[in-house]
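This report refers to the structure that appears directly beneath it.
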Amino acid sequence: MTPRASGGRRTEDLVARDLAHLWHPFTQHSVWPDDDPLIVERAEGMYLYDSEGRRYLDGVSSLWVTVHGHREPRIDHAIKKQMDRLAHTTFLGLTHEPGIVLAEKLLASAPSSLNRVFYAGDGASAVEAAIKMAYQAAAQRGEFRPLYVHLAEGYHGDTLGAVSVGGIETFHATYRPILLETRQVSSPGVLRPGQTRAERAHEVTQELREVLDRDGDRVCAIIVEPLVQAAAGMLTHDGSFLRGARALADEFGALMIADEVATGIGRTGRMWAVDGAAVRPDLLTCGKGLSGGYLPISAVLASEAVYEAFLGTPASGRTFFHGHTYTANPLACAAAVANLDLMAERGTVEHAAKVGERMGELLTPLERHEGVVEIRRLGTMVGIEVRDVGERTGFRVCQAARRRGVWLRPLGDVVICMPPLAIEDEQVEELCGAATEAIDEVFQ
């Protein structure tokens, strides 16, 4: 298929070579060549630059990961310094200082229920580790608990275990016959007309109780995305649902897994979304912004009770036989340490809360726009649901924003705005202004 021409000969050559060999994630290749593929050449601060030298504000933090912006000197230096000492070694039975320091810093900010860190490579691999921990911990206490409870519209990654506890039909329906057996309850973020989020939270909490009344003695864990179901289009819910789920987990002897891969590291205006509901999980997964958007690394933060369930003699078989070749890569750990240090020094979480409030103010007029169904926001996590006026309406809005120098990516007909946490007010205005103008263009 011939790519749509949009630039010079070098750009056209690179696009043609890409189309000849590559298979991109979450991309329909039958139409992508006509979508004017963008080749990112470099980045600086809050901006991406393409192969034609055009600049784009990174309105989605390069898939929700960038914290301080691109090419942050302190993180650059930390990686280069670590590279001069140790690029990689296995973490199976060995350790290194960057991994130790990062664990200390993570736990210093985490809910007090958590005091162990297990590293993984990305969000899905952290979730895989967490759900295996929950099952094995129960088994090693002599309990048969093969079930997980999860939410409709949930998303926890794309590996089979993570898909098993997901609930977005577009992503997950194909694989249902080969997934783990689970119990699903409704999304607390999907409201009926006139229903408040608190009312919906109570309703779903009651539904959760009914499920546990039937199968609670076989459930090892309840897994939730706290306060925001991000991949479902930024569906937000009331914190009372999390508190209810925590109480029910305790009552029925199950663990609570808080998947903070998207919501953690300051995205909601708090370091951890569970802090907003005063909930202490047994397991917490984090990733995305952990390294500031530099290198892949994620983690499971676990309670001491979960950790102790795995202790025994080498012959006991109680070891957690799970890991990855690049677990706790020193370069990624060094980047994450530098990122967390910068966040503490610069008050990044507090700044993110102000950024979110400013985005809310600037986007408020859109709530009355004929093309907007709803705007959902918590902290810097914003989803603008637009009215369906033909195929790929959300995508058309994002293409219109691209023409205005802002890079956005939709989730169906929900336009996501999730900029780097350190974005300044002028750039927030640029982002929200472009989104507003793009919606005006599509619905004019």
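None of the figures in this text is laboratory data; all of them are computed from the coordinates on show. Note that the coordinates shown come from a computational prediction; the quantities given were computed from them, not determined experimentally. With ideal geometry, Cβ positions are generated from the backbone for all residues, glycine too; neighbour counts draw on all protein chains shown.
For the pair the stretch 167-191 / the stretch 7-78, the C-alpha centres are spaced 31 Å from each other. Label-to-label distance, GLU199 versus ARG74, with points set 7 angstrom from Cα along the beta-carbon direction: 4.7 nm. As a length-normalised measure over Cα pairs under 8 Å and 6 or more apart, the relative contact order of the stretch 75-346 settles at 29 percent.
A compact globular protein would have a Cα radius of gyration near 2.2 N^0.38 Å; the ratio found for the stretch 359-444 is 0.97. Here the extension length gained between HIS24 and PHE321 equals 103.8 nm, from 0.36 nm per residue of separation less the Cα-Cα distance. Straight-line reach from LYS132: taking Cα to Cα under 12 Å and skipping same-chain neighbours fewer than 8 places apart, no aspartates and glutamates fall in range.
Using mean Cβ contacts within 10 Å as the protection proxy, how do 155-162, 70-77 order, highest first?
Going from most to least packed, we get 155-162, 70-77.
From helices alone, the chain scores -11500 deg cm²/dmol at 222 nm; the rule is -39500 (n - 2.57) for each run of n ≥ 4 DSSP H residues, then divide by the residue total. Between ALA16 and ASP425, full extension at 0.36 nm per residue minus the direct alpha carbon distance yields a gain of 143.4 nm. Descending by average beta-carbon neighbour count within 10 Å, the peptides 213-224, 326-337, 33-44 line up as 326-337, 213-224, 33-44, the highest first. Relative to the longest principal axis of the Cα atoms of the chain, the long axis of helix 73-83 lies at roughly 60 degrees. Highest average first, the peptides 94-104, 254-264 ordered by how many other beta carbon atoms sit within 10 Å of their residues are 254-264, 94-104. Put simply, the convex hull of the Cα atoms in the chain casts, on average, a shadow of 22.1 nm². Counting only DSSP beta bridges with both residues in the chain, the antiparallel share comes to about 65 percent. Over 20 Å, how big is the tail of the calculated P(r) for the stretch 45-106, in percent of all Cα pairs? The share of Cα pairs beyond 20 Å in the stretch 45-106 comes to 50 percent. Shown for the stretch 165-247 is the translational diffusion coefficient from the Stokes-Einstein equation, using the Kirkwood radius over Cα pairs, a temperature of 10 °C and a viscosity of 1.306 mPa s: 116 µm²/s. Karplus-derived 3J(HN,Hα) values for the stretch 427-432, using 6.51 cos²θ - 1.76 cosθ + 1.60 with θ = phi - 60°, are 6, 4, 5, 4, 4, 5 Hz; glycine and proline are entered as x. Using Cβ point charges alone (K and R +1, D and E -1), the dipole size of the chain about the Cα centre works out to roughly 740 debye. With N the number of residues in the stretch 93-224, Rg(Cα) / (2.2 N^0.38 Å) evaluates to 1.22.
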